[in-house]
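Engineer: Before anything else, here's the structure in question.
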Ligand SMILES: Cc1cc2nc3c(=O)[nH]c(=O)nc-3n(C[C@H](O)[C@H](O)[C@H](O)COP(=O)(O)OP(=O)(O)OC[C@H]3O[C@@H](n4cnc5c(N)ncnc54)[C@H](O)[C@@H]3O)c2cc1C
């Protein structure tokens, strides 16, 4: 007998756990499919389990610079990227909502950020590692305002980051949202959305078909556009190259993604003994430069200590382009790959010059792997956006996106809080019907 549910949610990551949890709590029969294994017990917030020896990851190649493809990973188990990330949880700023669909403003999003079920903590300045303390002291000396709550202030500003953690452990959305009413099927890969006459009628999984009245894609900014393309939804040419049956010609699928490219440089500070319960980032500064906005990230431990299998004993400070001009495309072929075009070289160089004025650095800056990809199946008012302002995929009834891929443009803060707030709001839209 074919499995069935009122709603199928694909991907038990940051957003998928929110959507499945909220719908199930309202009495909807939801099946939540996750390609990767079951949830792990909460891990120490200072360890990022995305190294070569870690399991339960979605690995892909990222072309961080023309011709340079490096290995990258996102969460790939129940909890998704919220189970492996840095646990920095900050709201987007009012100006970030400019390109969003009508009705999506800072004010209208406020209740959804407040509804987030994750705990929020900040490390008091006096308890911070040398990296964070030095940044905040340097910011004060440079007359950059230092505030206690970064959600309340515009750049230029510095302060402690808000963290979704408790007692030194990361608290992910699986732990916060998945109650006994949620039917989670881990280890089940969704291959494509099944449709009839431009209506989603369920999904095809590696263990057979599943029928549903609504399908909500939460497979992340890499996984969601790939699923759409394999379901015949995307640029007609790309769909044809994949050998999929064309359903709707939506050229925006997989294209126009935005991220926070980052360079790091060695920080001439002693990190002290490694404490895995100490967050990898305790404080940041947001600087406004003529070239755009950057985030200064003084990491509290060398990546070689925080990420298993990484050979980097050097303490580093990151400089991230928060108003990046680069655009990302998720390629649809067999190997999962993200291609990037455009460059933020001028902005990143200006950011590096600023950080050298603030902190004791040495050596050259090296390019890292950006991990904040958003907007690869974005919501928007124009037909160029694959989804409308209710997360509905244009031209297909009963098919929604509600994860990082739907976020129109990556905000000028880390995207995690915004991804969850979007999932909260779209859950409400789905419940209203
Ligand atoms: C290492 C790392 C550190 C980060 N640090 C921060 C931070 O400190 N602060 C911040 O704001 N942001 C951070 N981010 C970004 C943030 O975590 C993500 O933007 C956010 O978690 C994305 O949520 P999502 O629901 O869109 O996708 P995800 O949480 O990635 O979930 C997608 C899920 O879908 C599953 N899936 C994919 N394809 C299929 C399929 N075909 N069938 C079934 N399941 C499928 C995946 O296995 C995964 O579990 C970080 C990201 C990473 C990777």
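Values in this text are rule-based calculations from the coordinates and carry no lab data. These figures come from a predicted structure and were not determined experimentally. Reconstructed Cβ throughout: ideal geometry from the backbone, glycine too, with neighbour counts over all protein chains shown.
Engineer: Return one number: the angle in degrees, 0 to 90 and rounded to the nearest 10, between the long axis of the Cα atoms of helix 130-141 and the longest principal axis of the Cα atoms of the chain.
Structural biologist: 70
Engineer: Sorted by average packing, counted as other Cβ atoms within 10 angstrom per residue and highest first, what order do 310-321, 268-279 take?
Structural biologist: 310-321, 268-279
Engineer: So what are the three principal axis dimensions of the chain from its Cα atoms, in whole Å, longest to shortest?
Structural biologist: 64, 43, 42
Engineer: Okay, moving on. Taking just the alpha carbons, could you work out the radius of gyration and Dmax for segment 264-372, both in angstroms?
Structural biologist: In order Rg, Dmax, the Cα atoms of segment 264-372 give 15.3, 45 Å.
Engineer: Mind pulling the angle between the C-alpha long axis of helix 220-230 and the longest principal axis of the chain? Nearest 10 degrees, somewhere in 0 to 90.
Structural biologist: So the inclination is approximately 30 degrees.
Engineer: Calculate the translational D of segment 266-310 in whole µm² s⁻¹ from Stokes-Einstein, where the hydrodynamic radius comes from the Kirkwood formula applied to all Cα pairs, the temperature is 25 °C and the viscosity 0.890 mPa s.
Structural biologist: In µm²/s, the coefficient rounds to 199.
Engineer: Just report the Cα centroid separation between segment 312-359 and segment 194-242, whole Å.
Structural biologist: 31
Engineer: What's the angle, to the nearest 10 degrees (0 to 90), between helix 106-115's Cα axis and the longest principal axis of the chain?
Structural biologist: 90
Engineer: If we sort 5-16, 194-205 on the protection proxy, mean other Cβ atoms within 10 Å, highest first, what's the order?
Structural biologist: 5-16, 194-205
Engineer: Dividing the alpha-carbon Rg of segment 68-214 by 2.2 N^0.38 Å yields what?
Structural biologist: 1.41
Engineer: Oh, and also: Once you have a ≥ b ≥ c as the square roots of the Cα gyration tensor eigenvalues for segment 378-433, tell me rounded if a/c is under 1.5, and otherwise prolate or oblate according to whether a/b is larger than b/c.
Structural biologist: Oblate shape, in that a/c is at least 1.5 and b/c is the bigger or equal ratio.
Engineer: Restricting to DSSP H runs of at least four residues, report the calculated mean residue ellipticity at 222 nm for the chain, -39500 (n - 2.57) per run over all residues, nearest 500 deg cm²/dmol.
Structural biologist: Taking each H run of at least 4 residues, the total per residue is -6000 deg cm²/dmol.
Engineer: Let me ask something additional. Roughly how far apart, in whole Å, are the Cα centres of segment 1-74 and segment 261-299?
Structural biologist: 26
Engineer: Arrange 299, 60 by Cβ neighbour counts within 10 Å, fewest through most, would you?
Structural biologist: Least crowded to most crowded, the residues run 60, 299.
Engineer: Using just the alpha carbons, could you tell me how many Å³ per residue the convex hull of segment 104-182 encloses?
Structural biologist: 112
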